[in-house]
Amino acid sequence: MTTLTPYEYAIVQAVPRIERGELINVGVLLYSQRHDFLSARTHLDEARLRALDPAADVEGIRVALQAWEQTCTGDGASGQMRLGERFRWLVAPRSTILRAGPVHMGLTAVPADELNRLVDLLVR
């Protein structure tokens, strides 16, 4: 029998023009303390982004998304932080072009598989 364990996740959103409040989903962060797992999967649909803001800095957003993924893996200064601290730092409210939506909970046996499922469901 497969044992399901809790996880937390948040959708990564791009908000190209903060003043308009329009956004698109561009990724998912998933954290499972029991599995010692933190990862981000991202997918930037350039056409959808440009529909919100034709002048959006697509390359800058791609670089920022890579930085979120690197924070999850502990590259750079985030290597000094525990996984839970990294997750909480990433999901903290902010007023930038990338932000995390509300944190949700779920159950899974395999966090990486669940992360892929959520990206397909919520982002692609």
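The numbers here are math on the coordinates, done by the rules we state, and not lab data. These figures come from a predicted structure and were not determined experimentally.
Given a 10 angstrom Cα cut-off, can you work out which residue in Glu85, Glu69, Glu19 is the most mobile in a GNM of the chain?
Sorting by GNM fluctuation, first place goes to Glu19.
I need the shape label for the chain. Rule: rounded when a/c is under 1.5, else prolate if a/b > b/c, else oblate, with a, b, c from the alpha carbon gyration tensor.
prolate
Taking amide H atoms as placed 1.01 Å from N in the peptide plane, list the residues 5 or more away in sequence, or in a different chain, whose amide H sits under 5 Å from that of Thr5.
Excluding prolines and chain starts, which carry no amide H, the hits are Thr108, Ala109.
Would you mind telling me which residue in Ala77, Ala40, Ala56 has the biggest mean-square fluctuation in a Gaussian network model of the chain, where springs connect alpha carbons within a distance under 10 angstrom?
Greatest mean-square fluctuation among the candidates belongs to Ala77.
Can you list residues from other chains, or at least 5 along the same chain, whose modelled amide H is less than 5 Å from the amide H of Arg17?
HN-HN under 5 Å from Arg17: Glu22.
With θ set to phi - 60° and the Karplus curve 6.51 cos²θ - 1.76 cosθ + 1.60, what are the ³J(HN,Hα) couplings of the range 52-68 in order, to the nearest whole Hz, using x for Gly and Pro?
Working through the residues one at a time gives 7, 8, x, 9, 4, 7, 4, 5, x, 5, 4, 5, 5, 5, 4, 5, 5 Hz.
What angle, in degrees between 0 and 90 and rounded to the nearest 10, separates the Cα long axis of helix 111-122 from the longest principal axis of the Cα atoms of the chain?
Taking Cα atoms only, the helix is inclined about 30 degrees.
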